[in-house]
Structure formats: C-alpha cells, structure tokens
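Heads up, the thing below is written out as structure tokens.
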Ligand code: 2RA
C-alpha cells in the first residue's frame, strides 16, 4: 500500500521536477493529484509515462491525502498549506514561508533526518533554500569530524532559480547581443544578465546583505548548528541550471585536505570530483539532472590555523528543491507514516 500524494504548483519548473523525481525514484504512490491555479487549470503534466491533467487548487479537498509537496510562492502557500495541514495532509513546502518558524522543521535528509519527527507541531515540513541545501550537505560531514566555526561562501546561482521568465530573459538577451535590432532590455533582473553577473538576489536588508544571503546564514544555523558563523555573497550568473559555490571553512580541529576529501567521498549525497588537472572539477552544465552535490577543488586554506576551501555544484531544481522535497517525503514515509 502506498501514499496519496498531491503536488501543488505542478506546472512550474520545480513542480514538474517533483513529478519527474517521484517517478524516477518509484515513490510508492497509490494516487497522485496535480494541482495548479485556475489560470493553469487543465494543463497536462507528465508523471513517468503517464500524462495527468491539473486540478483546481482552490477547490481541492486535502482530506484523506497523505502528503502535499508544495512548489508555489509564499502567498499561495500561505492560503493553501494551512488548509492541507488542517485536513491531516502533511505539507512539504518549498517556499520560504515556514523555514524560520521554530515550530516547523527545516530538513535536508542527509544532514538532519531526525528533525522529521518535529513536523507534528503544525503538520508542515519546510524545504531549505536551494543555495543552502547543497552547501549543508557538504558542511555536515566536515562539521561532525572537526566542528566548523566559520563559513565564508560566494555563490554563482543560475537563472532557473528565478523561474521560467528568467530563463527566457537570459536566452533572448543573449540572442539579442548577436542580432541587431533584437536587443532585450533587463526586466526580470535590474541589470543585463547575458555575459554579466549580478551581485543581488532577492531584496536588500538593512544590514546590507540581501535576503538570499540572510537565508543561507539563518538556514545553515537551523539545519546544522546555531554556533556556526556564516557570511555569504550571492551572485546571479548567466547559467541556465546549476548553482555553484566557493566555500571557505574554518574548523575548531585541524583537518587536512586529504582527510577532508576522504570524509566527503564517504558522505551521503556527495560525489567528489577533485583532480588537480584540466577538467578535474565539476562545472554547472555537468550537474544538470543529477541528484548529487558535487565537490571539487578541496584544498587547505593556509591563511588561517584550520582552514579549507572547496567548490560545490548541484542542480538547483533537484537537490536545491524538488529532490530534497521528495527525499523528505521518503523519510516521512519510512520513519513516520510507514506505508508503502
Ligand atoms: C534563487 N534561491 O536562486 C533563489 C530562489 N530559488 O533565485
């Protein structure tokens, strides 16, 4: 016996990836409901070799459904997630709405699976921000071995993190650079993204950090350890899918690069590609469609007593969103609901 699962926001990039991954991983689904706003009503979406037609989220009754994977913005989540939770359907939410609620677990299954038992407070589990998810997968095994004190991270985030319009903007703006008269002015982003980088993701906060940077700080503390000091610079780059991160780590105990590499090689969810030669590292175009968090360029940071540098790349629509949500569903089923 399997689960009755709803995917909310099934026509968006992340919603479609959730369906792809539920099928790829043969999640035990007895019944699947694909829900969307009235605007997308009747849209057909793929689930493995099946084609499903979206139902109206506004009128859907979640009673008797086991789990609802939400892949919609915070506003729609605010309206419909409590409705699903109150009907007894466990919500796994990809928006940022509930991530910082102390009564709601924020989970990366390779890092803090034990937190899945904390969902009972509000029948909701939060999925982390995409740039946080891949980073904490890499940090956790090193933290367990040598206790991380401080993290300095610079991100190189693909445009798919901003949605379909951003993908179109990069494509059309790039084409427009070569076709006179087809120039495309910035609209999704404040500045040109083609052949450019933009050090601004989400809104600016009083501290001078952007909210994306704030999310990485707060979420890393909630998922791994509140004592870890984190500072982040999040940058949008002209890449379609795949977030990259340059991560500098300072630990309490000394950890040499070879031991760090061995620890990462054995850690869940990680693939180490690290050779000091041409091509001996992973780039975003190579991670697309993969489940793994790829780690390269592992080396000592000799400017501090116990420092390490590494390069971290992952598919932001998968580990950064849809895959992590499905892994939470698997964890919830295995550890709590125990059907399937
Ligand atoms: C981004 N992390 O990359 C944000 C939201 N997905 O735009």
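A short reminder: the numbers here are calculations on the coordinates, not readings from a lab. Please read all numbers here as calculations on a predicted model, not as lab measurements. Please note: Cβ atoms are built from the backbone with ideal geometry, for glycine as well, and neighbour counts cover all protein chains shown.
Inverting the pair-averaged 1/r between distinct Cα atoms of the stretch 148-188 gives 12.2 Å as its Kirkwood hydrodynamic radius.
Apply the a/c threshold of 1.5 to the C-alpha gyration tensor of the chain and tell me whether it is rounded, prolate or oblate. Oblate, because a/c is 1.5 or more while a/b does not exceed b/c. The mean sequence distance of close C-alpha pairs (under 8 Å, at least 6 residues apart), as a share of the length of the chain, puts its relative contact order at 18 percent.
What FRET efficiency comes out for the pair residue 172/residue 23, r = Cβ-Cβ distance, R0 = 30 Å, nearest 0.05? According to the calculation, E is roughly 0.45. Between residue 221 and residue 53, the simple label model (points 7 Å from Cα in the Cβ direction) yields a spacing of 5.0 nm.
With a Förster radius of 35 Å applied to the beta-carbon distance between residue 185 and residue 37, the computed FRET efficiency rounds to 0.80. Placing dummy labels 7 Å off each Cα toward the beta-carbon, the span from residue 257 to residue 334 is 3.4 nm. Quotient of the Cα radius of gyration of the stretch 216-282 and 2.2 N^0.38 Å, N being its number of residues: 1.33. If I model the stretch 227-340 as equal point scatterers sitting on the Cα atoms and use the Debye formula, what is log10 I(q)/I(0) at q = 0.10, 0.13, 0.19 Å⁻¹? Treating every Cα as an identical point scatterer, log10 I(q)/I(0) equals -0.37, -0.61, -1.10. Working from label points 7 Å from Cα in the Cα-to-Cβ sense, the residue 286 to residue 301 distance is 2.4 nm. Ranked for footprinting exposure by Cβ neighbours inside 10 Å, fewest first, 38, 16, 25, 236 give 38, 25, 16, 236. Fewest-first ordering of 67, 135 by other beta carbons within 10 Å of each residue's beta carbon gives 67, 135. Note on the stretch 131-316: Cα-Cα pairs beyond 22 Å make up 48% of the total pair count.
Can you put 314, 207 in order, fewest other beta carbons within 10 Å first?
By the 10 Å Cβ count, ascending: 207, 314.
Rounded to the nearest 500, the 222 nm mean residue ellipticity of the chain from helices alone is -8500 deg cm²/dmol, with -39,500 (n - 2.57) taken per DSSP H run of at least 4 residues. Once the convex hull of all Cα atoms in the stretch 1-109 is built, its volume per residue stands at 106 Å³.
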